[in-house]
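The values are calculated or read from the model by the stated rules, or taken from the named source; none is laboratory data. Remember, predicted model here, so these are calculated numbers, not experimental data. So basically every Cβ, Gly included, is an ideal-geometry build from the backbone, and we count neighbours across all protein chains shown. With ligands, DNA and RNA removed, areas are computed over all heavy atoms of the protein, side chains included. Shrake-Rupley method; radii C 1.70, N 1.55, O 1.52, S 1.80 Å.
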Amino acid sequence: KYGNRDNKYKARIKILVKALGAEKYRELVEQEFAELKGGEMTLTAEEVARIKGCFTAPDYQSADTAALDAKLAEDKAFSRWFHTNTRAHKQAGYRAVTLTLKRTGRVPGDISDEQLEAVADLADQYSFGELRNSHQQNMVLSDVAANDLYDLWKALDALGFATPNLGLLTDIVACPGGDLCALANAKSIPIAESIQRRFDDVDYVHDLGPLDLNISGCMNACGHHHIGHIGILGVDKKGKEFYQVTLGGRGDKLSRVGEKMGPSFESEEITDVVEKIIKLYVEKRLENEPFIDTYERIGMDPFKERIYG
Ligand code: SF4
């Protein structure tokens, strides 16, 4: 209805809000909303009931976790994966399992057609045919019986989807960047790979605790760099690929956009920069304090000093 439709770069809500002013924009939205009320778009109780009927629970079986408890006690690798890559379920005796598509050397979030076929078979076998993609470029089998977890873990391990790094430093979110995207200012995938290789030590990464590292190849932000605890953004400087670092972003309930650290870095420098950031965090953290809490406690200055000082 409004705004500049002739220029696709200007056909944006943010530009319309700026042109009209926030107050006027709000007024128009409220007016539009009031006109819709009571009209054909009204959601009736019958319609809600009809939609609810499409979401029936799967045929859950009664809970028995004896075999699981025994395996957890005897197999350390399985136990680590269980505690890192599976989540509690509202149904007793079931877990939600995340397949991490983040093994070192693999493009974050990539999966081949053959692997997809295999994962679909696992979904049929272990999760009522239910498989979901996650926001973090991983996949989730949502309803797995506790006593199937060990066999599922073995199958996922063989496929390379059982790396126990969910929510940790090497569970990097990266957009396709300059390798595949025509809009990119810089490559994302080689940066992700270089960081994964540098931190290819699962014990160390576990010791660091929860940490989101997100990479975008340009300001369109498909890798959501701005909400990474550590964000990396590809920028163009006179035709050369550079990377800007932000710290302190978060995408949880306390969401906020990360703060720019300072001048950008060349691609050869960026992994060292991440390592310096991590080392400073390790020096400064209190017991069991996650990266984001340490950052919020000590602020940007110590990081700036370490990197640029
Ligand atoms: S952030 Fe930029 S480079 Fe990355 S996929 Fe989106 S548009 Fe392409």
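Could you identify the single residue in R80, R103 that is at pLDDT 95 or above and closer than 30 Å to A145 by Cβ?
On the way: R103 fails: at pLDDT 95 or above.
Every option except R80 fails the conditions.
Looking only at region 178-217, count every residue that is part of a helix (DSSP H, G or I), within 15 Å of the ligand (Cβ to nearest atom) and under 16 Å from the mean Cα position of the chain (by Cα) and tell me the total. If you could, list the steps in order and put the result at the bottom.
The first filter runs over region 178-217 and keeps only residues part of a helix (DSSP H, G or I), leaving 178-179, 189-198, 202-208.
Right, trim to within 15 Å of the ligand (Cβ to nearest atom) and you get 178-179, 189-192.
Checking the rest, the ones that are also under 16 Å from the mean Cα position of the chain (by Cα) come to 189, 192.
Residues that pass the stated criteria total 2.
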**OP:** Among the residues of region 224-256, count how many are charged (D, E, K, R), open to solvent by less than 70 Å² (accessible area, probe 1.4 Å) and more than 18 Å from R297 (Cα to Cα).
**Re:** 1
**OP:** Determine whether region 265-276 contains at least one residue that is outside any helix (DSSP H, G or I) and among the aliphatic types (A, V, I, L, M).
**Re:** no
**OP:** Starting from region 67-85, keep only residues that are in a helix (DSSP H, G or I), then list their pairs with residues that are β-branched (V, I, T) whose Cβ atoms are within a distance under 6 Å, requiring at least 6 positions of separation or different chains.
**Re:** N85/T98
Original post:
Quick check: anything in region 103-119 in contact with a helix residue (DSSP H, G or I) (Cβ under 8 Å, 6 or more places away or on another chain), charged (D, E, K, R) and in contact (Cβ under 8 Å) with a residue 24 or more places away in the chain?
Top reply: no
**OP:** Looking at (1) open to solvent by less than 50 Å² (accessible area, probe 1.4 Å); (2) outside any strand (DSSP E or B); (3) out of contact with any helix residue (DSSP H, G or I) (no Cβ under 7 Å at 6 or more places or on another chain), find the lone condition where E30 falls short.
**Re:** (1)
**OP:** Name, by its number, the condition in (1) within 16 Å of the ligand (Cβ to nearest atom); (2) touching a helix residue (DSSP H, G or I) at 6+ places or on another chain (Cβ under 8 Å) that does not hold for I278.
**Re:** (1)
**OP:** Output the qualifying pairs, or none if there are none: Cβ atoms under 7 angstrom, residues six or more apart or on different chains, first residue in region 41-63 and open to solvent by less than 60 Å² (accessible area, probe 1.4 Å), second residue of a type in the set (S, T, N, Q).
**Re:** Y60/Q91
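Does D121 meet the test of being within 12 Å of N138 (Cβ to Cβ) and acidic (D, E)?
Working: within 12 Å of N138 (Cβ to Cβ): no; acidic (D, E): yes.
Criteria not met by D121.
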**OP:** Return the only residue of D179, D212, D203 being open to solvent by 40 Å² or more (accessible area, probe 1.4 Å) and under 17 Å from G251 (Cβ atoms).
**Re:** D212
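Each row is one residue, and each column tells you yes or no for (1) under 30 Å from R198 (Cβ atoms); (2) touching a Lys or Arg at 6+ places or on another chain (Cβ under 9 Å); (3) open to solvent by 20 Å² or more (accessible area, probe 1.4 Å); (4) not assigned by TED's automatic domain parsing to the domain that holds R198.
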site: A73; (1), (2), (3), (4): no, no, yes, yes
site: A88; (1), (2), (3), (4): no, yes, yes, yes
site: T98; (1), (2), (3), (4): yes, yes, no, yes
site: V107; (1), (2), (3), (4): yes, no, yes, yes
site: D110; (1), (2), (3), (4): yes, no, yes, yes
site: D124; (1), (2), (3), (4): no, no, yes, yes
site: D148; (1), (2), (3), (4): no, no, yes, yes
**OP:** Residue by residue through region 163-177, note down the ones that are over 9 Å from the mean Cα position of the chain (by Cα), assigned to a loop (DSSP other than H, G, I, E, B) and within 16 Å of the ligand (Cβ to nearest atom).
**Re:** C175, P176
